[in-house]
Structure formats: C-alpha cells, structure tokens
Amino acid sequence: MPVAFLLFLSIFVRTTVFAGDRQPAADKEAIEILSATEIGKYISADILGMALRGYHLTDTLRRKNILTIIDYSKPSGEKRFFVLDVPGKKLLYHCLVAHGKNSGEIFAVNFSNKQESLKSSLGFFLAAETYYGKHGYALRIDGLEKGFNDNARSREIVIHGAWYVSDEVVAKYGQVGKSWGCPALPVKLTTEIINRIANGSCIFIYAKDEKYLRNSLFLNKKE
C-alpha cells in the first residue's frame with residue numbers, strides 16, 4: 001500500500017474529537033488491519049480504532065481473536081456488519097444488519113437501554129451463549145457499558161436471522177426491515193456467523209451519537 005495512504009491513515013485515526021485518548025497500540029493496529037484487508041473500503045480508520053480500543057480493554061473475552069463491528073452510521077441498505085479475525089488481520093464476514101424500529105428509518109439515530117423502547121443500543125458487548133427461540137438459532141449478547149447497553153439481556157436483545165434482512169428486500173425498498181432492537185442478520189448467514197462469534201467474543205456497535213462517544217468508559221479511559 002502506498003506510503004502516502006498509510007500516512008493519511010495514521011493522521012486520520014488521531015483526529016477524532018471524542019476518543020482522542022486511544023492507546024497508540026490500537027491506532028497502529030488499525031492501520032495494519034486496514035492495509036492488510038479490504039475493510040478500509042467500507043469502514044473508517046477512526047471507527048476501527050475505537051473498536052480496537054474497547055476490544056483490548058475488555059478483560060472478559062474468551063474468544064480473543066474475533067471482533068465484530070456494527071456501523072450504524074451507515075444506511076440500512078448498505079452492508080454494515082463486520083467480523084474480523086484481529087490477529088490474523090482478516091475480514092471474515094461483511095453483511096447487512098437491521099436496527100430497531102424506533103431507532104430510525106434508513107439511518108439509526110435514536111438509541112436506548114430501556115425496556116420496550118424497540119431501539120438499538122450502542123457500545124461494547126460480549127457475545128454469550130446460543131439458543132433456539134422464536135427467531136430460530138440465536139445468540140444472546142451482554143452489554144458491558146452501564147447506562148448504554150447493560151440491559152441488553154433483560155431486553156432480550158439478541159443476534160438472530162430475519163427474512164427482512166436480505167439483498168432482495170434492499171432491492172425492493174432501498175433498505176432492510178427493522179427489528180425490535182436486535183441486530184438481525186440475513187438468514188442464510190446467521191448460523192455460520194453466530195457459531196464464529198459466540199461464547200466470548202467482542203462486539204462493538206457504533207453510531208455518530210455524541211452522548212455515547214463522550215461518555216463511554218471504553219473509548220475515553222485514560223492511560
């Protein structure tokens with residue numbers, strides 16, 4: 001990759017207003033991953049740097065090689081779900097994902113940690129156990145950030161498949177359908193992705209939400 005582009009990435013990951021205290025190691029790792037994979041075509045260096053910051057601060061991980069990023073700053077008709085093999089520097093999955101029906105239409109702009117809000121939550125999560133429920137094979141996730149997503153389990157926010165998350169739906173309506181707050185995936189990929197990230201990997205759900213970006217302990221922890 002050209003030296004000029006790598007220099008641009010190095011500068012870019014250091015220019016965020018909200019997460020300027022990220023560890024240099026996370027910034028360097030973001031540049032390395034962007035230069036080794038095609039993820040740079042779809043996600044900014046800044047978002048990747050934030051995700052890596054929290055990934056390295058999450059001490060409860062059991063599957064330490066996997067990092068999932070959901071980028072809700074993108075419209076729902078675009079693929080905004082990413083699964084990375086961090087040490088292997090590989091983009092494993094890149095697909096569509098739904099947001100909560102009360103979070104917005106094409107863009108997710110409203111977020112909540114409250115029961116029955118039907119909104120998505122932001123921040124860092126731990127991928128927990130799998131189960132079979134009303135949506136078929138699904139994955140429970142535990143929110144790691146108090147006030148932002150720590151009610152995820154009691155709200156029954158899970159990763160599951162949904163018919164309304166597909167290329168066909170996007171072609172017809174310009175966006176995927178909306179969930180009750182769950183990050184729903186394309187049915188044909190759900191089992192494979194869940195098995196890859198379940199039982200202890202890190203999930204980061206991002207959006208351009210000032211309240212979260214200013215107050216997340218993961219993103220703003222001092223060295």
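The values are calculated or read from the model by the stated rules, or taken from the named source; none is laboratory data. Note that the structure is a prediction, hence the values are computed from the model and not measured. In this analysis, Cβ positions are derived from the backbone assuming ideal geometry, glycine residues included, and neighbour counts consider all displayed protein chains. What goes into the accessible areas is simple: the full protein's heavy atoms, side chains included, and nothing from ligands, DNA or RNA. Shrake-Rupley method; radii C 1.70, N 1.55, O 1.52, S 1.80 Å.
Below, the figures for the structure above:
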item	result
Amide H partners (placed H, <5 Å) of residue 145, local residues excluded	124, 150
Global geometry of the range 78-124, whether rounded, prolate or oblate, following the gyration tensor of its Cα atoms and the 1.5 cut on a/c	prolate
Coordinate range along principal axes, alpha carbons of the chain, Å, largest first	48, 36, 31
Solvent-accessible ranking of 164, 173, largest area first, probe 1.4 Å	173, 164
Mean residue ellipticity (222 nm) of the chain, computed from DSSP H runs ≥ 4 via -39,500 (n - 2.57), nearest 500	-8000 deg cm²/dmol
HN-Hα J in Hz across the range 166-175 - Karplus 6.51, -1.76, 1.60, θ = phi - 60°, x for Gly and Pro	7, 5, 5, 5, 4, 4, 7, 10, x, 6
Cβ-placed point charges (K, R +1; D, E -1), dipole of the range 21-103 about Cα centre in debye, nearest 20	280 debye
The chain - charge dipole about Cα centre, Lys and Arg +1 at Cβ, Asp and Glu -1, debye rounded to 20	200 debye
Vicinal HN-Hα couplings computed from phi for the range 99-108 (Karplus, 6.51 cos²θ - 1.76 cosθ + 1.60; Hz; Gly/Pro x)	10, x, 5, 9, 8, x, 8, 5, 10, 7
Mean separation of Cα contacts under 8 Å, 6 or more apart, over the residue count of the chain: relative contact order %	24 percent
Among beta bridges that DSSP assigns inside the chain, antiparallel share in %, nearest 5	75 percent
Surface share of carbon and sulfur [accessible, 1.4 angstrom probe, percent] for the chain	53 percent
Helix axis angle, 3-12 relative to the chain longest principal axis, alpha carbon, degrees	70 degrees
Principal axis dimensions, the range 101-163 - Cα atoms, whole angstrom, descending	29, 29, 18
Greater than 31 Å apart at Cα, pairs in 89/114; 41/114; 28/119; 64/221; 28/101	89/114; 41/114; 28/119; 28/101
Estimated FRET transfer efficiency when R0 is 30 angstrom, pair residue 156-residue 60 (beta carbons, to 0.05)	0.90
